[in-house]
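Colleague: Below: one structure in structure tokens.
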Amino acid sequence: VRQAAFECLVSIASTYYEKLQPYMQNIFTVTSKAVKEDKEPVALQAIEFWSAICDEEIEIQEEITSGYSGDSEVPYFQFIKKALTYLVPLLLETMTKQEEDQDVDEDVWNLSMAGGTCLGLVARTVEDDIVPLVMPFIQDNIVKPDWRCREAATYAFGSILEGPSLEKLAPLVNAALGFLLNALKDENSSVKDTTAWTLGRIFEFLHGPGVDKSVITTESLPHILSCLLESLKDTPNVAERTCGALYFLAQGYEEMRGQPSPLSPFYQQIVEGLIHTADREDASDSRLRFSAYETLNEVVRCSTEETATIVMQLMPIIMQKLDSTFQMQVVSSDDREKQGEVQALLCGVLQVIIQKLSAAESTKVTVIQFADQIMGLFLKVFACRSATVHEEAMLAIGAVAYATGSQFEKYMSEFYRYLEMGLQNYEEYQVCAITVGVVGDICRALEEKVLPYCDGIMTQLLKDLSSNQLHRSVKPPIFSCFGDIALAIGEHFEKYLMYALPMLQGAAEVTAQQALQDPEMIDYNNQLRTGILEAYSGILQGFKATKPDLMLQSGTHVLQFIETIYRDEDRDEVVSKAAVGVLGDLADTLGTPAAGMFRQITFYKDFLDMVQMMDDAPLKETAAWAMATINRILST
């Protein structure tokens with residue numbers, strides 16, 4: 001009963017924050033008593049109450065700083081700030097109540113973890129004010145013989161790294177970094193696990209392009225990397241946390257833009273260390289293999305010109321690993337699942353490598369050189385039925401299409417049936433959505449050469465749109481895909497117009513009719529509008545050269561649709577950008593015959609003027625082009 005009562009309090013905190021003030025003193029008394037004395041399920045809910053208050057106050061602060069007040073003026077009572085000197089010691093006390101081996105069990109949720117999570121939310125709520133309240137606890141406990149004290153101190157330090165300012169945290173982190181790197185060799189596994197997690201948090205929040213002065217220097221980097229690479233050899237859970245730390249360390253160097261990266265001298269070691277980790281016999285324990293490959297992906301993304309050769313050499317190594325998965329013994333459903341998991345991860349790595357190498361002409365040749373073998377592997381992967389593998393292989397094929405351009409045509413006859421299967425996959429709708437995206441990639445790569453496959457693709461896309469079984473999130477990308485197809489095949493899209501236009505008009509009317517309160521539906525409505533506008537844009541541009549008149553009858557409808565968007569305050573910037581583009585496309589494609597339509601309406605002037613007042617430079621440019629294009633047809 002007590003647990004259920006606290007669960008109700010948590011719901012009240014999330015729903016009726018503005019009504020809580022008169023009760024807070026009593027709530028603090030009962031929650032702190034529960035945390036200290038009651039059974040764990042009850043104590044967990046008592047902590048959850050304070051986490052819910054943090055969530056509310058963080059949201060209120062974000063609204064205040066963004067200048068958005070919405071319809072309701074929710075008061076900001078600063079409950080956390082007022083309770084801080086009592087709340088923080090209470091949370092710190094829970095953090096020493098760990099269970100043995102909690103670092104190994106992924107699903108465990110206990111007092112110490114709930115306390116640390118809540119402390120992290122408190123840090124985000126009160127920012128700098130948390131630091132003086134937590135530092136004495138860290139200093140008192142970090143070197144105690146009891147592992148629980150050391151782990152709790154490390155966990156507390158890691159928990160307060162998001163929220164407080166760089167000025168407040170940087171001196172503390174600089175002083176603690178050497179100590180933490182040493183603690184990766186602590187005798188206790190839980191301490192090592194939490195230490196690696198804390199290092200990951202340091203690299204995530206105090207290092208990278210958005211940070212004025214990174215806590216990592218060229219002097220400290222070699223020692224940091226040597227400690228992390230050594231820690232990759234530890235137990236699976238510690239190694240997994242270390243992968244996370246390496247991930248954020250690499251991510252901080254992602255935007256070097258042509259400058260030499262401080263990681264370059266160690267790049268080969270990092271890549272080898274991660275591959276070795278993914279190959280470990282015990283890599284299936286915890287999520288080690290997944291983390292090692294995810295981190296390898298990030299390391300590939302942040303490679304620079306100096307390390308391009310290593311990425312090129314990595315490609316055949318990963319291909320070889322993917323090839324060897326077909327020799328895995330598959331007897332049970334567990335074996336099948338493991339094979340699928342490894343294949344999905346390796347397809348993911350190949351996708352990232354292909355994208356990275358395709359970004360520069362000098363390295364794109366490697367992708368083209370291996371394209372036949374890679375496509376052969378991906379087609380073999382499709383033959384092993386599994387949804388996650390299909391997703392990853394499909395995305396990777398999209399990357400191959402981008403790299404090989406019109407040469408991708410030679411793979412279409414064999415690949416097409418898998419493309420069709422993906423478009424028919426209503427059950428695993430993410431596979432269907434990704435396949436729709438890949439159709440777009442293929443259209444951009446093949447242009448008119450995609451024509452022989454268009455009847456089949458369009459038939460399936462129209463079926464998808466009419467289906468009640470398919471998840472609604474796939475429908476906006478399908479409309480965008482109409483635009484990609486029209487842009488690729490130009491005047492040949494004419495035969496699909498009689499099917500595509502009613503679908504577009506029907507969907508446009510639906511988006512205009514909905515009066516929406518629910519943020520999720522507002523978001524979906526915006527996605528749907530963007531998809532419809534991208535379709536119109538592609539169709540208009542596709543017909544511009546030879547058959548502009550085909551869209552003349554639809555012009556008025558398109559303008560009415562854009563007017564409803566203009567009058568809707570819930571439209572987002574992506575929709576505004578797409579709508580502005582279509583206004584320009586309409587005038588540009590239809591030319592003088594469209595002048596009458598534009599004379600009958602005036603909203604477009606206000607819309608384009610308003611957009612030009614915005615802060616977005618590319619959007620302003622599009623608006624200026626649209627205005628100039630409309631003015632040109634009005635003056636002829």
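Colleague: Have a look at the chain and give its Rg and Dmax from the Cα atoms, expressed in angstrom.
Modeller: Here Rg and the maximum Cα pair distance are 28.4, 87 Å.
Colleague: Kirkwood Rh and Cα-based Rg: tell me the resulting Rg over Rh for segment 120-221, rounded to two decimals.
Modeller: Looking at segment 120-221, the ratio lands at 0.95.
Colleague: Still on this model: Compute the helix-to-body angle for 131-141: its Cα long axis versus the longest principal axis of the chain, expressed 0 to 90° and rounded to tens.
Modeller: Relative to the chain, helix 131-141 is tipped by roughly 50 degrees.
Colleague: Less than 18 Å from a label point 7 Å out along the Cα-to-Cβ axis of Arg301: which backbone N atoms in segment 351-393 qualify, by residue?
Modeller: 351-360, 392-393
Colleague: What are the lysines whose alpha-carbon lies under 16 Å from the alpha-carbon of Lys577, with same-chain residues fewer than 8 places away excluded?
Modeller: Correct list for Lys577: Lys605, Lys620.
Colleague: With the full set of protein chains in place, find how many percent of the accessible area of the chain is carbon and sulfur; take the probe as 1.4 Å.
Modeller: Working: 14640 of 29040 Å².
Roughly 50 percent of what the probe reaches on the chain is carbon or sulfur.
Colleague: So if we plug the beta-carbon distance of Asp282 and Gln373 into 1/(1 + (r/R0)^6) with R0 = 45 Å, what FRET efficiency do we get, rounded to 0.05? Provide the component values of the computation, followed by the final result.
Modeller: Details: r = 31 Å, r/R0 = 0.68.
Efficiency at R0 = 45 Å is approximately 0.90.
Colleague: If you don't mind, another one. Contour minus end-to-end for Glu99 and Ser333, with contour as 0.36 nm per residue of separation and end-to-end as the Cα-Cα distance?
Modeller: Numbers: separation 234, 0.36 × 234 = 84.24 nm, distance 3.33 nm.
80.9 nm is the gain from fully extending Glu99 to Ser333.
Colleague: For segment 1-146, what is the accessible area per residue in Å² when the probe is 1.4 Å?
Modeller: Working: 7830 Å² over 146 residues.
Per-residue value: 54 Å².
Colleague: Okay, next question. Could you name the lysines in cross-link range of Lys338, using Cα to Cα under 25 Å and dropping any fewer than eight places away on the same chain?
Modeller: Lys233, Lys321, Lys380
Colleague: Counting only heavy atoms of protein chains, what accessible area per residue, in Å², does segment 189-242 have with a probe of 1.4 Å? Numbers along the way, then the final one.
Modeller: Details: 2040 Å² over 54 residues.
For segment 189-242, the per-residue accessible area is 38 Å².
Colleague: Extension gain Asp107-Ser362, at 0.36 nm per residue separation less the Cα-Cα distance, in nm? Please list the in-between numbers first.
Modeller: Numbers: separation 255, 0.36 × 255 = 91.80 nm, distance 4.64 nm.
Net length gain for the segment: 87.2 nm.
Colleague: Something else now. When ranked by the protection proxy of mean other Cβ atoms within 10 Å per residue, highest first, what sequence do the peptides 624-631, 245-252 form? Present the calculation step by step, with values, prior to reporting the outcome.
Modeller: Details: 624-631: 17.4, 245-252: 23.6.
Highest to lowest by the protection proxy: 245-252, 624-631.
Colleague: OK, next. Once the Cβ-Cβ distance between Glu520 and Tyr16 is put in as r, and R0 is 25 Å, what FRET efficiency do you end up with, to the nearest 0.05? Write out the running numbers ahead of the final one.
Modeller: Working: r = 21 Å, r/R0 = 0.86.
Calculated value: 0.70.
Colleague: Sticking with this structure for a sec: What nm value, rounded to one decimal, do you get for the distance between Thr592 and Ser473 when each label is placed 7 Å out toward the C-beta?
Modeller: A separation of 5.0 nm, rounded to one decimal place.
Colleague: Full-extension gain between Ala170 and Lys185, please, as 0.36 nm times their residue separation minus the C-alpha to C-alpha distance. Don't skip to the end; give the middle numbers.
Modeller: Numbers: separation 15, 0.36 × 15 = 5.40 nm, distance 2.37 nm.
Full-extension gain reported as 3.0 nm.
Colleague: Follow-up question, since we're still on this one. Glu254 versus Lys82, label points 7 Å from Cα toward the beta carbon: distance in nm?
Modeller: 4.1
Colleague: How large is ³J(HN,Hα), in whole Hz, for each residue of segment 553-565 in order, when computed from phi with the Karplus curve 6.51 cos²θ - 1.76 cosθ + 1.60 and θ = phi - 60°, using x for Gly and Pro?
Modeller: 5, 7, x, 4, 4, 4, 5, 5, 4, 5, 5, 5, 5
Colleague: Arrange the peptides 214-227, 280-293, 478-491 so that the one whose residues have, on average, the most other Cβ atoms within 10 Å appears first. Can you show the working numbers first?
Modeller: Details: 214-227: 15.8, 280-293: 18.4, 478-491: 23.3.
Peptide ranking by packing, descending: 478-491, 280-293, 214-227.
Colleague: Further, regarding this structure: Output ³J(HN,Hα) for segment 276-293: one whole-Hz value per residue in order, computed from phi by the Karplus curve 6.51 cos²θ - 1.76 cosθ + 1.60 with θ = phi - 60°, and x for Gly and Pro.
Modeller: Once rounded to whole Hz, the list reads 4, 5, 5, 7, 4, 4, 9, 5, 7, 5, 6, 10, 4, 4, 4, 5, 5, 6.
Colleague: If you fit an axis through the alpha-carbon atoms of helix 603-612 and take the longest principal axis of the Cα set of the chain, what angle between them do you get, 0 to 90°, nearest 10?
Modeller: With both axes taken from Cα atoms, the answer is about 40 degrees.
Colleague: Return the distance in nm (one decimal) between the two label points of a simple spin-label model at Thr65 and Glu447, each offset 7 Å from Cα along Cα→Cβ.
Modeller: Distance between label points: 4.7 nm.
The values are calculated or read from the model by the stated rules, or taken from the named source; none is laboratory data. Note that the structure is a prediction, hence the values are computed from the model and not measured. Cβ coordinates were reconstructed from backbone atoms using ideal geometry, including for glycine residues, and neighbour counts include every protein chain displayed. Quick note on the areas: whole protein, heavy atoms, side chains included, nothing else; ligands and nucleic acids left out. Shrake-Rupley method; radii C 1.70, N 1.55, O 1.52, S 1.80 Å.
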